[in-house]
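Values in this text are rule-based calculations from the coordinates and carry no lab data. Fair warning: this is a prediction, and the values are worked out from it, not measured in the lab. Heads up, the Cβs are rebuilt from the backbone with ideal geometry, glycines too, and the neighbour counts pull from every protein chain shown.
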Amino acid sequence: MNVNKKCPHYKKCGGCQIHNLDYPDQLEFKMRKVVRLLGRLHRVENIIGMENPYHYRNKVQAAFGRDKQNRIISGVYQSSTHRIVPVDSCLIEDEKADEIIVTIRKLLKSFKLKTFDDNRLTGFLRHVLVKRGFSSGEIMVVLVTGSEEFKSRRSFVNALLSKHPEITTIVQNINNKRTSLVLGDKSIVLYGDGTIKEQLCGFTFTISPKSFYQINPIQTEILYNKAMEFAEIKKTDIVIDAYCGTGTIGIIASRHAGQVIGVELNRDAVRDAKKNARINDVKNIDFVCEDAGRYMVGLAEEGLSADVVIMDPPRAGSDLNFLRSLIKLSPRKVVYVSCNPETLRRDLIFLSKNKYKVRKIQPVDMFPHTEHVETVVLLTK
């Protein structure tokens, strides 16, 4: 394992909370955390770390503004503040994405374009979002602007492409509201088709500006393969992918299963999931736009069941209604993919009191240098 490279922004930024520890010590810190929270439920397997825990983020977001000398700056918001910490290169972000953001900052000056003022809601460039497919090599640049008017739009795009011909699509997203959200509702494709493609576990996925996609593709493949290993899906199995998002886990599970049903409340995500299934010619998967808990209660009331439920909830974990619906549906196996061991512990204790038993716990380090840790858990009746 690599020892730490030193980051000049570490103390100001606050994004990498445990960067002061060497990487093996970071893994030990995370392992102790998972064991402390979950160790009484079952033995915890050794955490799976990264061979090279740097520049793993395939999605890079930079805020734009001005410093006290009125110079254009770009970087990240200091933790728990709205102050921009100027960053040209970050040890966990994709290096090419960082280069593109620095180029855009220089182009603003030469094109006499202003940065957006959050207080007055005036100016032009607010954020830049860069998404890169590590396997495909495709790159998307999203210019988040405070107004739709874009002076010298064609010339700006051509100048950016001349510096970075590897960019495959450029999108202008308009966000003129006083909000902490980065992206607004309206997007205009300036170059390419507005999406990029990426390969994961042998499948191809389309990524749009608003698509959720795991930001560490190397560890995501490890995480999802571990989930499949735990699930041991049979060709006759009906699998429910709860909180399915854009369908990634469900599509990967489809190669093993008889039938997969992805359930997701976000309509845009369901649309992307259906598109991803078509791209991969997956016939044995359906996507339902509904609350996962309500959907599973409906199945149980109809006398139907599922053999395996794979759940990947947000940081808040599952709500009680979902967990009760899971018990009512009574699948043979539950594979819980969690990004928060605190809420995972709460949910596992509830399931353990209601006819399920924890059989395996596997932590995976998805976000080196931060406190976050992902965990895959297998439960059976």
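Compared with the direct C-alpha span, the chain from T370 to D286 gains 26.7 nm at full extension, assuming 0.36 nm per residue. Taking all Cα-Cα distances within the stretch 325-381, those exceeding 20 Å account for 26%. Note on the stretch 230-360: Rg/Rh from Cα positions, Kirkwood definition for Rh, rounded to two decimals, is 0.94.
Ranking L37, T380, S254 by Cα position along the charge dipole of the chain, where only Lys, Arg, Asp and Glu carry charges on their C-beta atoms, puts L37 farthest toward the positive end.
Out of the stretch 238-310, which GluC sites (Glu not before Pro) are coil in DSSP terms and have no more than 10 other C-beta atoms within 10 Å? Hits after loop and neighbour filter: E302. Taking GluC sites (Glu not before Pro) across the stretch 1-82, the ones in a DSSP loop with at most 13 further Cβ atoms lying within 10 angstrom of their Cβ are E51. Remark: the chain carries a charge dipole of roughly 880 debye about the Cα centre, counting +1 on each Lys and Arg Cβ and -1 on each Asp and Glu Cβ.
Counting pairs of Cα atoms in the stretch 30-153, how many percent are more than 25 Å apart? For the stretch 30-153, the share of Cα pairs beyond 25 Å comes to 40 percent. Filter the GluC sites (Glu not before Pro) in the stretch 110-209 to those in DSSP coil with at most 14 other Cβ atoms within 10 Å of their Cβ, and list the result. In loop regions of the stretch 110-209 (DSSP not H, G, I, E or B), the sparsely surrounded GluC sites (Glu not before Pro) are E148, E149, E166.
Between N119 and S352, the distance separating the two model label sites (each 7 Å from Cα on the Cα→Cβ line) works out to 5.2 nm.
Springs join every pair of Cα atoms under 10 Å in this Gaussian network model of the chain, and among N321, N276, N175 the largest mean-square fluctuation is at N321. Here, the stretch 66-121 has an Rg and a Dmax of 12.2, 33 Å when only alpha carbons are counted. Among K163, K226, K274, the largest mean-square fluctuation in a Gaussian network model of the chain, built with springs joining Cα atoms closer than 10 Å, belongs to K163. Taking Cβ atoms as reference points and 10 Å as the exclusive limit, the residues near R66 contribute a net charge of +1, counting Lys and Arg as +1 and Asp and Glu as -1.
Candidates Q78, P217, C244 compared by Cα position along the dipole of the chain: farthest toward the positive end lies Q78, with charges placed on Cβ. Among the listed values (i) 59; (ii) 53; (iii) 63, the one computed from these coordinates for percent of Cα pairs over 27 Å apart is (ii).
All C-alpha pair distances within the stretch 96-206, sorted into 10 Å bins from zero, spread as 14, 46, 31, 9, 1 percent across the bins.
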